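To start, the structure itself, in structure tokens.
The values are calculated or read from the model by the stated rules, or taken from the named source; none is laboratory data. Values in this document were obtained by computation on a predicted structure and should not be read as measured data. Methodologically, a virtual Cβ is constructed for each residue, glycine included, from the backbone with ideal geometry; neighbour enumeration extends over all protein chains shown.
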Amino acid sequence: MNPLLLTLSLLASPGPAGTVAPFDASSRKPQLLLPDGAAAPREPKRIVSLAPVVTETLFLLGRGENVVGVTRYCDTPAAAQALPKVGGYVDVSLERVLALRPDLVIAMPSLGQRELLERLRGAGIPVLAGFGDSLREVHELVRALGDVTGSAARASTMLDELDGALARFAKARPGTGAGRVLAVVGVEPVVVAGPGTFIAEILTAGGAASAVEPGAPQWPTWPLERLSRRHVDLILVAAGPDTERALTRVLESSLPAAQRPRVVGAPTPLLMRPGPSIARDLETLTRLLAPPGGPP
């Protein structure tokens, strides 16, 4: 048996009283949560995805035809936009999910869906819960999706492609001259990528120095006064052009021009989905980290 599938099976094994253990919030491994007495699903035919990266990855694995429901934020690929919506990150409707008669729901409990997982399992629906904060968790999530859908070979190929892109990025070290870099993933409040996140790991691998102290939380909020050039040389806005414009307005209204760090961003969100799209994002990131007037 595939080692990861074996791990999922063990996590879903009944406890001493014949019941399945609930979601373990202390574990960062993919967890398959089964209703009492249920067997692990084999190549599920009706999947509800509760995270954009899960939806995107399922389609890349060739399992898009099995996805019957998604969140309102699942916009990639275009075919996903036409699927029934069951809510957002923290307002998923249990009734909408059940109406789609899924044989598997895939969630990311870090998005505030942990209570929902138990309610689904109590309603007789198997749930696969995965994480994606670190690069290790990204790998485990993709492998778990491949295993549970019978697409392990394709998942392995996707991860090989991702690892190759990461190796090329690390070899190029485009962030060497960027100074202290701060990756912003949200505004009002300003939320940044801290130590242990896949964004911070990627920036470090590319030679950039993090503006976030080593002991900070993974996704800390930053006060406005810390956004000055005294603390940051380059702000990378990962969350997309709307967030970049909002952050620029905040900086212009709170800091003199001489104190504002350089702000860069892409026409679309960058490094916001912890999955195979990271490989594509690295090409854009390489250009953004380059000094002004440097080579493209």
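A compact table of results
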{"read-out": "Pair list, Cβ < 8 Å and 6+ apart or interchain, from the range 210-230 residues that are in the same structural domain as PRO195 (by TED's automatic domain parsing) and under 22 Å from PRO174 (Cα atoms) to residues that are exposed (fewer than 12 other Cβ atoms within 10 Å of the Cβ) and of a type outside the set (Phe, Trp, Tyr)", "value": "ARG229/ALA258"}
{"read-out": "Single residue of the range 110-156 satisfying the filter (of a type in the set (Val, Ile, Thr) and within 16 Å of the chain's Cα centre (by Cα)) that is surrounded by the fewest Cβ atoms within 10 Å (Cβ to Cβ)", "value": "VAL138"}
{"read-out": "Number of the condition not met by ARG173 [criteria: (1) modelled with pLDDT of 95 or more; (2) at negative phi]", "value": "(2)"}
{"read-out": "Hits in the range 250-296 (condition: within 22 Å of VAL54 (Cα to Cα) and either of a type in the set (Gly, Ala, Ser) or outside the structural domain of LEU224 (by TED's automatic domain parsing) (or both))", "value": "GLY275, SER277, ALA279"}
{"read-out": "Residue in the range 110-117 that is of a type in the set (Gly, Ala, Ser) and assigned to a loop (DSSP other than H, G, I, E, B) present", "value": "yes"}
{"read-out": "Any hit, the range 252-275, residues being without any contact (Cβ under 8 Å) to a residue 40 or more places away in the chain, assigned to a strand (DSSP E or B) and of a type in the set (Val, Ile, Thr)", "value": "yes"}
{"read-out": "Restricting the range 274-296 to residues that are surrounded by fewer than 22 Cβ atoms within 10 Å (Cβ to Cβ) and either modelled with pLDDT under 85 or among the β-branched types (Val, Ile, Thr) (or both), the residue that is nearest to THR57 (Cα to Cα)", "value": "THR284"}
{"read-out": "Pairs, first under 16 Å from ASN66 (Cβ atoms) in the range 147-161, second assigned to a helix (DSSP H, G or I) and of a type in the set (D, E, K, R), C-beta under 8 Å, six or more apart", "value": "ALA152/ARG143; ALA155/ARG143; ALA155/ASP147"}
{"read-out": "Test: LEU236 is of a type outside the set (Val, Ile, Thr), in a strand (DSSP E or B) and not assigned by TED's automatic domain parsing to the domain that holds PRO109", "value": "yes"}
{"read-out": "Selected residue (only one of PRO44, PRO77, PRO52, PRO102 is under 16 Å from ALA144 (Cβ atoms) and touching a residue at least 12 places away in the same chain (Cβ under 8 Å))", "value": "PRO44"}
{"read-out": "Residue that is nearest to ALA246 (Cα to Cα) [pool: residues in the range 216-234 that are surrounded by fewer than 22 Cβ atoms within 10 Å (Cβ to Cβ) and touching a Gly at 6+ places or on another chain (Cβ under 9 Å)]", "value": "THR221"}
{"read-out": "Of residues in the range 168-185 being in a strand (DSSP E or B) and farther than 10 Å from GLY206 by Cβ, the one farthest from the chain's Cα centre (by Cα)", "value": "ARG180"}
{"read-out": "GLN113, sole failed condition from (1) more than 27 Å from ARG72 (Cα to Cα); (2) in contact with a strand residue (DSSP E or B) (Cβ under 6 Å, 6 or more places away or on another chain)", "value": "(1)"}
{"read-out": "Meets criteria (part of a loop (DSSP other than H, G, I, E, B) and within 24 Å of ALA167 (Cα to Cα)) for VAL212", "value": "yes"}
{"read-out": "Candidate set: the range 124-164, residues that are of a type in the set (Gly, Ala, Ser) and out of contact with any Gly (no Cβ under 8 Å at 6 or more places or on another chain); chosen: the one farthest from ARG114 (Cα to Cα)", "value": "GLY164"}
